Structures are given as structure tokens and as C-alpha cells.
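Let me begin by presenting the structure, written as C-alpha cells, before commenting on it.
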Amino acid sequence: MALSETLVKMSPVKGEYYLVEREKIDYLYRNAGHSDEDEVPNFITIDGKECLFTENFIEKDGKEYEIVMVANGFSWEDIIIYDEDE
């Protein structure tokens, strides 16, 4: 799949996205060491890559998926800006 030339020129970093079945999200968090009682972060490390769980969902072929973005050469902690209340 060819990347958008416009976006490549505009962006200092790039990444990938995946559609992950909603039912499998808990497994990924547990596998990363988080339990149901934890206050879970919106990004975790999977296979050595930081993955941002966007909390945006789409339906495809009768299943619901969350859009998960994978950092490539940067950390989500460096990118995400939090309000003082968060």
C-alpha cells in the first residue's frame, strides 16, 4: 500500500494502525501486566512497540474493532498532551 506523499512530507514521524477485535483488547492489556482493577493507560507495549488504543471503534463484517496505532521511532508518552485535570 503506497503512502500518501502529502502526509509523508508533512509528518516528522510515521506509524501503522491495526484493527483489533474489541473482545481481544482485555487479553492484550492482561498480557502487558494490567489487571481489571488497574487504571489502564491508553497505550501499552506489545512486541516491543508502543501501541495507542484510540477508543475509536468501527464495525466490519459484523464485528467491532478498535483502531490501534503503533508508534514507529517515537514514544506515545512524548506525543500525547494531557490536560492538568488528567
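The values are calculated or read from the model by the stated rules, or taken from the named source; none is laboratory data. This one's a predicted model, so the numbers in the text were calculated from it and none came from an experiment. With ideal geometry, Cβ positions are generated from the backbone for all residues, glycine too; neighbour counts draw on all protein chains shown. Calculation scope for accessible area: heavy atoms of the full protein, side chains included, ligands and nucleic acids excluded. Shrake-Rupley method; radii C 1.70, N 1.55, O 1.52, S 1.80 Å.
Tabulated data
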read-out	value
Distance (nanometres) between label positions extended 7 Å along Cα→Cβ at Thr6 and Glu21	3.6 nm
Charge dipole (segment 3-70, unit charges on Cβ, about Cα centre) - positive-most of Leu28, Gly15, Tyr65	Gly15
About the Cα centre, charge dipole magnitude for the chain (Lys/Arg +1, Asp/Glu -1 at Cβ), debye	700 debye
Residue-averaged [θ]222 nm for the chain, counting only DSSP H segments that reach four residues, each worth -39500 (n - 2.57)	-4500 deg cm²/dmol
Value of relative contact order over the chain, rounded to a whole percent, pairs C-alpha under 8 Å and six or more apart	32 percent
Among [x] 48; [y] 42; [z] 53, the entry that matches percent of Cα pairs over 18 Å apart as calculated here	[z]
Separation of the Glu55 and Ile79 label points, Cα + 7 Å toward Cβ, nm	1.7 nm
Accessible area expressed per residue, the chain, with surrounding protein chains retained (probe 1.4 Å, Å²)	83 Å²
Cα centroid separation - segment 46-70 against segment 9-37, whole Å	6 Å
Accessible carbon and sulfur surface of the chain relative to its total accessible area, %, 1.4 Å	48 percent
